[in-house]
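Trainee: Quick one: the structure is below, and I'll ask about it shortly.
Every number here is computed from the coordinates shown, using simple stated rules; none is lab data. Computed from a predicted structure; not experimentally measured. Cβ coordinates were reconstructed from backbone atoms using ideal geometry, including for glycine residues, and neighbour counts include every protein chain displayed.
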Amino acid sequence: MEAEKSSKVLPATVTNDKYLQSCTPQALRGRLVSVRTPAEALALGEPSMGALVRAEGGDAKRIKAIVKLQCVYMNDMLNLPRGLSEAMIERIAETAVTRYRWLTIPDVQLIFERAISGQWNGGNYYSTVNVPMVESWFARYADERMDAAEARSIEEAAQHKEWYERGSEADWRRRIERMMKK
């Protein structure tokens, strides 16, 4: 399931602060303003969180920090009477980086953007947010993401099949033409 190979080079820069600054909620929001669907996030070709952890030598601390920043930003934006505690944020980050390691940072950004805009609860006001609620958002998004990946795979297979069939037909025509010339 984990398509870690990407056309983009894995950021060995994960370990430098410049990369981390590019992953703050505000920076991601500016960079990903047009990304609204899992298919669009998938099309970016970003490395998965699992690949980023491997680039960190197996240490997930910095990748978890990116998820934690998303949680804190959401807390601030929703201005909840009872927001997420530090322990809750830690649990969410751990779950995201381990259970959903095949998601990318843009995927995580989209999950939290949807929460902030109320898309996970039909546009209604949140009175509270808790760990099971956030984990359910990840699960729902993961299902959408897998559907998008499946659709993309089917589309690519159809394109390859069409290319192969056209190529085979053209080869046969050339062979027949050569035989007719003899």
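Trainee: Could you tell me which residue of segment 55-96 is farthest from residue 116 (Cα to Cα), considering only residues that are in contact (Cβ under 8 Å) with a residue 24 or more places away in the chain and of a type in the set (Lys, Arg)?
Mentor: Residue satisfying both the conditions and the ranking: 62.
Trainee: If we keep just the residues of segment 43-64 that are in a loop (DSSP other than H, G, I, E, B) and more than 12 Å from the chain's Cα centre (by Cα), which is surrounded by the most Cβ atoms within 10 Å (Cβ to Cβ)?
Mentor: 60
Trainee: Quick one: which of 111, 89 is under 21 Å from the mean Cα position of the chain (by Cα), farther than 15 Å from residue 41 by Cβ and surrounded by 11 or more Cβ atoms within 10 Å (Cβ to Cβ)?
Mentor: 89
Trainee: With 146, 77 as the choices, which residue is surrounded by fewer than 18 Cβ atoms within 10 Å (Cβ to Cβ) and under 20 Å from residue 28 (Cα atoms)? Give the steps one after another, and end with the answer.
Mentor: Values: 146 fails: under 20 Å from residue 28 (Cα atoms).
Within the list 146, 77, the selection yields 77.
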